[in-house]
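Contents: one structure, followed by commentary.
The values are calculated or read from the model by the stated rules, or taken from the named source; none is laboratory data. In this text, all values refer to a predicted model and were calculated from it rather than measured experimentally. Every residue, glycine as well, gets a Cβ built from its backbone with ideal geometry; the counts of neighbours run over all protein chains shown. Just the protein is used for accessible areas: all its heavy atoms, side chains included, with ligands, DNA and RNA removed. Shrake-Rupley method; radii C 1.70, N 1.55, O 1.52, S 1.80 Å.
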Amino acid sequence: MTADRSGPAFSVQDIPFSTYGSWFDISPVVAEKTYAEDLHLVSHQNGMHAVLTLTPLDRATGERAETRVEAAPGLLSWTSVSGAGRVDLAYESPDTVRLRGTALSLRVSAAARTLTPFSGTYFFRDAATDAYVFTSYETGRRYRVTVLSGTVTHTYGDQTLGTSDRGLTVTADPDDSWEIAVEELDTARPPYVSTALFGKIVEAAQNAFADFVDAVAPWRSPATPAAELAAYVVWSATVRPAGLVPRPAVLMSKHWMDKVWSWDHCFNALALAPGRPELAWDQYQLPFDHQDETGALPDSVTHSEVLHNFVKPPIHGWALGLLRRRLPTPPDRTELARTYDRLERWTTFWLTARRTPGAALPHYHHGNDSGWDNATTFDPERVVVTADLAAFLILQLHELAALAAHLDRPDDAARWTRTAEATQAALLDELWTGDRFTSRGVHSGNTWTGSSLLDLMPIVLGEHLPPEISARLADRIAAHLTPHGLATELPTSPHYLSDGYWRGPIWAPATVLIEDGLRRAGHHRLAADISTRFRTLCETHGFAENFDALTGTGLRDRAYTWTAAGYLLLAEAAADDTLSARAHSRQAPDRRS
């Protein structure tokens with residue numbers, strides 16, 4: 001018997017339907033926190049843009065049909081509530097979807113009704129290919145509809161300017177089905193020719209995802225019930241190289257958070273490393289492809305935009321050290337030397353552009369630089385020296401030292417080690433009070449403490465911390481635990497907000513970084529508790545951008561890849577721990593009398 005490879009079912013209200021490599025998805029989410037009644041083809045080229053509206057119609061009346069939407073990795077379906085018909089959609093390739101319907105018609109229309117010389121969607125019938133074409137100003141792409149079977153019963157807005165409905169309706173006789181192909185293309189291509197039956201397209205899509213999840217989560221079991229869905233979130237958010245994205249890239253989401261931010265990518269790289277090492281390496285390197293002349297990484301990268309107005313924290317040394325251990329085959333010497341040079345420039349940026357003359361510790365210009373945009377740590381001042389930044393930089397310096405030694409550069413290794421030791425000595429001397437870490441205003445010199453989890457992030461130093469300091473940090477971290485995980489602001493704080501972004505909600509990156517630091521510092525029980533609560537949170541509430549710390553409800557963007565990646569990392573570690581415990585149990589001597 002052939003195993004069922006259809007994959008997990010999911011709601012398109014939360015997770016867009018897409019495929020590996022595609023720059024568009026099928027979803028009711030058409031803008032930030034904006035949900036349409038109908039599903040749309042939403043492109044992420046030149047930003048997020050709803051291009052086409054897909055509306056199932058009652059074949060007899062021509063009115064919008066009441067349908068139920070069901071989705072799994074290879075197939076999206078609208079099923080009539082009355083049971084009288086259905087429409088199916090599957091990806092034939094990253095830029096082409098096929099749709100087939102029985103007993104329901106389908107209207108394909110431009111999402112934007114108004115066409116100006118600079119915006120909107122123009123619609124016409126292409127005489128060269130006998131297809132219907134929507135051309136979008138917003139995406140700079142064309143969307144070609146080719147009818148493979150059935151009948152076009154109505155077109156409207158053909159060549160119309162100004163404000164108008166634009167599109168077509170396709171249907172079939174009662175005992176027949178209709179089928180169309182919709183392609184996202186540039187200027188032109190040869191006429192579409194059907195090369196596979198619809199069922200074979202669905203099967204190929206299901207197999208492509210099943211192969212992916214087998215590679216990235218071979219350890220999954222009933223004890224990790226969200227692993228396949230987490231893998232789908234990552235797989236479906238991956239786009240092929242295009243525009244300013246020179247490599248295959250995992251976007252943070254194919255909802256509105258459709259960028260690669262320069263710390264988010266590290267978590268996706270780590271989750272992918274054992275099973276898809278080339279894709280993982282691409283994720284790590286992508287922001288470095290846009291490194292500027294000072295060594296700074298961009299804030300974010302997407303199809304048509306690279307932002308440099310902020311940066312993100314230097315977690316890349318921590319990530320690279322872990323990534324090198326997780327890759328099944330380490331990068332060759334040439335690639336490691338190139339990566340060393342890139343990481344050295346990024347580190348030098350923090351040691352020069354972000355240290356005032358004579359200062360030992362670097363500083364942020366704004367909370368956005370830390371990745372914790374509005375954390376309460378930044379309430380008194382924004383240009384600040386913080387303990388988390390110093391800790392990340394220390395780990396990066398240690399990784400540079402390790403790479404230099406590997407590349408037979410002993411002088412460099414010694415230099416980076418000395419800098420790491422000096423930075424840690426300054427961190428403990430200037431910011432540790434004996435009880436907690438403080439933050440300091442660069443211009444005022446004022447210091448303060450608060451109730452943000454960000455202030456406890458130096459636990460990432462793990463084995464490098466004096467035991468008495470890691471123990472105090474662990475106690476304070478435990479105070480942030482709710483039934484669902486680590487609140488980014490103490491729930492007892494007057495500044496706590498249930499949907500306050502970094503002023504309360506639970507986030508995956510903070511969870512993964514703290515869990516790793518606690519383990520390396522020897523606080524295994526607390527680390528395991530944090531992991532368990534976060535995994536249970538994802539298994540119950542999905543893979544949102546962040547979560548209400550007291551209720552567990554998913555907040556903001558509901559299909560966030562670094563959340564899915566965080567789950568995969570923690571679930572894999574838990575599965576390995578279970579296997580190790582079982583092996584140890586089998587090897588232990590039988591002491592029964």
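Remarks
- Val147 contributes an accessible area of around 50 Å² to the protein surface, as traced by a 1.4 Å probe with all chains present.
- Accessible surface of Trp261, taken over heavy atoms with a 1.4 Å probe and every protein chain present, rounds to 40 Å².
- Segment 265-367: Rg to Rh, with Rh as the Kirkwood radius over Cα pairs: 0.99
- Between 0 and 90°, nearest 10: helix 387-406 axis offset from the chain longest Cα axis: 90
- Computed over every Cα-Cα pair of segment 402-548 and binned at 10 Å starting from 0, the pair-distance distribution P(r) comes out as 11, 34, 32, 18, 5, 0 percent.
- If only the Cβ of Lys and Arg carry +1 and only the Cβ of Asp and Glu carry -1, the dipole of the chain around its Cα centre is close to 760 debye.
- Rounded if a/c under 1.5, otherwise prolate or oblate - segment 373-454, Cα gyration tensor axes: prolate
- Rg ratio for segment 110-197: its Cα radius of gyration over 2.2 N^0.38 Å, N being its residue count, equals 1.13.
- Ordering His154, His290 by accessible surface, largest first, gives His154, His290; the 1.4 Å probe counts only protein heavy atoms, with every chain in place.
- Here is how the number arises for the chain: DSSP H runs of 4 or more residues each give -39500 (n - 2.57), the sum is divided by the residue count, and the result at 222 nm is -11000 deg cm²/dmol.
- For Glu539, Glu399, the ranking by accessible surface with the largest value first comes to Glu539, Glu399, using a 1.4 Å probe.
- Base-10 log of normalised Debye intensity for the chain (one unit scatterer per alpha-carbon) at q = 0.07, 0.09, 0.13 Å⁻¹: -0.47, -0.74, -1.31
- Net +/- balance of residues flanking Ser370 in space, Cβ distance below 14 Å, scoring K and R +1, D and E -1: -4
- Solvent-accessible area per residue in the chain equals 39 Å², computed with a 1.4 angstrom probe and all protein chains kept.
- Shape call, segment 22-92: gyration tensor on alpha carbons, a/c limit 1.5: prolate
- Burial ranking of peptide ranges 561-568, 472-479 (average Cβ count within 10 Å, highest at the top): 561-568, 472-479
- Charge tally for Asp499 (other residues, Cβ to Cβ under 10 Å; Lys, Arg +1; Asp, Glu -1): +1.
- Length added when fully stretched, Asp576-Ala353, from 0.36 nm per residue minus Cα-Cα: 76.1 nm
- Gyration tensor over alpha-carbon atoms, segment 164-295, equivalent ellipsoid semi-axes in Å: 34, 24, 14
- Solvent-accessible area of Leu272 with every protein chain in place, 1.4 Å probe, in Å² to the nearest 10: 10
- Working ranking of peptides 7-19, 55-67 by packing, defined as the average number of other Cβ atoms within 10 Å per residue, highest first, is 7-19, 55-67.
- Rounded Å value of the spacing that divides the Cα centres of segment 306-367 and segment 473-505: 28
- Length gained on full extension, Asp411 to Phe118, computed as 0.36 nm times the residue gap minus the Cα-Cα distance: 99.7 nm.
- Over all pairs of different C-alpha atoms in segment 65-157, the reciprocal of the mean inverse distance, the Kirkwood hydrodynamic radius, equals 15.1 Å.
- Placing unit charges on each Cβ (+1 for Lys and Arg, -1 for Asp and Glu) gives the chain a dipole about its Cα centre, and among Gly450, Ser177, Tyr496 the Cα reaching farthest toward its positive end belongs to Gly450.
- Less than 5 angstrom separates the built amide H of Trp448 from those of Ser439, all sequence-distant by 5 or more or on a different chain.
- When only the Cβ of Lys, Arg, Asp and Glu is charged (+1, +1, -1, -1), the dipole of segment 59-102 relative to its Cα centre reaches about 160 debye.
- Sorting the segments 511-523, 21-33 by their residues' average number of neighbouring beta-carbon atoms within 10 angstrom, most packed first, yields 511-523, 21-33.
- Here's the picture: charge each Lys and Arg Cβ at +1 and each Asp and Glu Cβ at -1 in the chain, and of Ser221, Gly243, Phe17 the one pushed furthest to the positive end of that dipole is Ser221.
- Listed by chain and number, the lysines whose alpha-carbon sits under 23 Å from that of Lys254, ignoring those within fewer than 8 places in the same chain, are Lys33, Lys312.
- Between Tyr35 and Asp211, the contour length at 0.36 nm per residue exceeds the alpha carbon distance by 60.2 nm.
- Within the accessible surface of the chain, defined with a 1.4 Å probe on protein heavy atoms only, the carbon and sulfur portion equals 50 percent.
- Ranking Val152, Thr139, Leu168 by Cα position along the charge dipole of segment 113-174, where only Lys, Arg, Asp and Glu carry charges on their C-beta atoms, puts Thr139 farthest toward the positive end.
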